[in-house]
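The structure appears right after this line, and notes come after that.
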Amino acid sequence: MKLFSTLIALGISAGVSLFAADSTAPQVVSTASLDKLSVGVCFNEAVDPTTANDTTKYTLSGGANVISAELQADGTTVLLMIDGLTGSSYNLTVNGVTDLAGNAANATVAGTVLGLTAADLGVVEAPGKAIACGPGAVDVYARGADIWGTADSGHFVWEEKTGDFDVRVRLESFTAPSVSANAGLMVRETPDAGSRNVQIVTYANQKSWVSAERPETDGASRVLGGNWSVDWPTNSAYPNVWLRLKRVQNTFTTYGSTNGMDWLQVGDSVTPENPYPDAVLVGMRTTPVEVQVAGSTAAAKYRDYGNYAITNATISISQQPASTTIRENTTATFTVSAEATGTSASNLSYQWQKDGVNIPGATSASYTTPVLTQADNNGKYRVLVSLPGGLVTKLSDEASVSVGQDSIAPQLLSLSSMDG
């Protein structure tokens, strides 16, 4: 300890540094293209703006051209505007971009085209932007008044999905001054302002998840039923939290999580009276809520965006649906009990079938038929139990319904007069 103190003192008195100079070149951590119009380049350390903004330092495979290069405010991310990129992947060569100590990068890295579309929603005071740096990784800088009531302005990064889906994303960080600024997942009919939508967002400055919908085009937003606002648990790694949005036929369900494995439903599932089209827009939606802080920007780092799938788990059925006998013009109820090993039972989904054909809306552990007639006699009912992604499934045994003729006359239960 004495020797160390002496060396420090000698170094100070002599005016020399005892620390080794930085001689390590910056590394390209990852790269990706959002939509073949831009490429994000993420370095492992801060880089020099002059070299980072020089388009001649970047070369793309396949004859694609770099039109412009802009170092972002974080000092480590560069946005390239490009043209001529084809295919779903590319190689990027970085040669001559230096760190703050003057060390130059010289590397070739592979990148992926994410196939996402980014655009501002509604009217914004200044354009927002989205930068992709790797698979499932998108940085968003959003402007916008609000996405609540009849307001619908912010930044949306989406893909078109057809039929059922189950997507999730991790919000790694979020910065915005407004207490109501928010970011998360949304499904919309169109990118036009006022589109019907269902969303699950996090109010990071309030440390909570909130689920909501716009039930009518150009109408007002409203929260979902039930427990529509859920505070983050006290042990969460703020704001490193997860969001999830699922569609089964015309029913949408929203979730929050602190680890991406154990999910808490936020709000009741919603089934719009007017069904959504088969093809919808699904993605990441961000707004700074400038009605509270004018001129503000929301910066959101989304990570691990993609389809939610569970593979390392199993399903077992502890109670099979039972066959039953009913009279015509009545209903029958079938129930199944299922368990999951390796994941939470809350991840189980159900789809009942009649004679091997899916029954629309029959997505619970229990199913009650509509009124049956003798034409439904000997109908076969079963349920497909699955985990997100549809890679782990379990089909129940079949149960049959015997529909007998109604030969019992109606009974007069009571008779009275109100006023004689």
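The values are calculated or read from the model by the stated rules, or taken from the named source; none is laboratory data. Computed from a prediction, not measured in an experiment: that's the story for all the values here. Cβ placement follows ideal geometry from the backbone for every residue including glycine, while neighbour counts extend to all protein chains displayed. All accessible areas refer to the heavy atoms of the entire protein, side chains included, with ligands and DNA or RNA removed. Shrake-Rupley method; radii C 1.70, N 1.55, O 1.52, S 1.80 Å.
For region 340-359, which positions are in a loop (DSSP other than H, G, I, E, B), open to solvent by less than 60 Å² (accessible area, probe 1.4 Å) and farther than 20 Å from THR251 by Cα?
At the first step, the residues of region 340-359 found to be in a loop (DSSP other than H, G, I, E, B) are 342-344, 348, 355-356, 359.
Checking the rest, the ones that are also open to solvent by less than 60 Å² (accessible area, probe 1.4 Å) come to 343-344, 348, 356, 359.
Scanning region 340-359 gives THR343, SER344, GLY356.
What do you reckon, is ASN329 in contact with an Asp or Glu (Cβ under 9 Å, 6 or more places away or on another chain), on the phi > 0 side of the Ramachandran plot and open to solvent by 60 Å² or more (accessible area, probe 1.4 Å)? Walk me through it before giving the result.
Working: in contact with an Asp or Glu (Cβ under 9 Å, 6 or more places away or on another chain): yes; on the phi > 0 side of the Ramachandran plot: yes; open to solvent by 60 Å² or more (accessible area, probe 1.4 Å): yes.
The answer is yes for ASN329.
Could you tell me which residue of region 80-90 is nearest to THR24 (Cα to Cα), considering only residues that are among the polar types (S, T, N, Q) and in a loop (DSSP other than H, G, I, E, B)? Give the steps one after another, and end with the answer.
So in region 80-90, the residues among the polar types (S, T, N, Q) come out as 86, 88-89.
From what's left, in a loop (DSSP other than H, G, I, E, B): 86, 88.
Values: THR86: 34, SER88: 32 Å.
That would be SER88.
Rundown of residues vs (1) at positive phi; (2) of a type outside the set (Ser, Thr, Tyr); (3) outside any strand (DSSP E or B), yes/no style:
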{"position": "THR24", "(1), (2), (3)": "no, no, yes"}
{"position": "VAL41", "(1), (2), (3)": "no, yes, no"}
{"position": "ALA69", "(1), (2), (3)": "no, yes, no"}
{"position": "ALA73", "(1), (2), (3)": "no, yes, yes"}
{"position": "VAL78", "(1), (2), (3)": "no, yes, no"}
{"position": "LEU92", "(1), (2), (3)": "no, yes, no"}
{"position": "THR98", "(1), (2), (3)": "no, no, no"}
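Test of understanding: among ASN53, ASN91, which residue is closer than 19 Å to GLY102 by Cβ and modelled with pLDDT of 95 or more?
Being closer than 19 Å to GLY102 by Cβ and modelled with pLDDT of 95 or more holds for just one of ASN53, ASN91, which is ASN53.
Could you tell me whether GLN374 is at pLDDT below 90 and out of contact with any Ser or Thr (no Cβ under 6 Å at 6 or more places or on another chain)?
no
For a quick check of your reading: which strands (runs of 3 or more DSSP E) sit entirely within region 360-420 and have at least 3 residues that are surrounded by 14 or more Cβ atoms within 10 Å (Cβ to Cβ) and in contact (Cβ under 8 Å) with a residue 12 or more places away in the chain? Give the steps one after another, and end with the answer.
Values: elements: 366-368, 379-386, 393-395, 399-404.
Where strands (runs of 3 or more DSSP E) fall fully within region 360-420 and carry at least 3 residues being surrounded by 14 or more Cβ atoms within 10 Å (Cβ to Cβ) and in contact (Cβ under 8 Å) with a residue 12 or more places away in the chain, they are 379-386, 399-404.
Looking at region 224-240, can you tell me whether even one residue there is without any contact (Cβ under 8 Å) to a residue 40 or more places away in the chain, in contact with a Lys or Arg (Cβ under 8 Å, 6 or more places away or on another chain), open to solvent by 20 Å² or more (accessible area, probe 1.4 Å) and within 19 Å of SER178 (Cβ to Cβ)?
Within region 224-240, one or more residues are without any contact (Cβ under 8 Å) to a residue 40 or more places away in the chain, in contact with a Lys or Arg (Cβ under 8 Å, 6 or more places away or on another chain), open to solvent by 20 Å² or more (accessible area, probe 1.4 Å) and within 19 Å of SER178 (Cβ to Cβ).
Here is a list: VAL97, VAL169, VAL78. Which entry is of a type outside the set (Gly, Ala, Ser), within 30 Å of ALA294 (Cβ to Cβ) and in contact with a helix residue (DSSP H, G or I) (Cβ under 7 Å, 6 or more places away or on another chain)?
Numbers: VAL97 fails: within 30 Å of ALA294 (Cβ to Cβ); VAL169 fails: in contact with a helix residue (DSSP H, G or I) (Cβ under 7 Å, 6 or more places away or on another chain).
One residue alone meets the criteria, VAL78.
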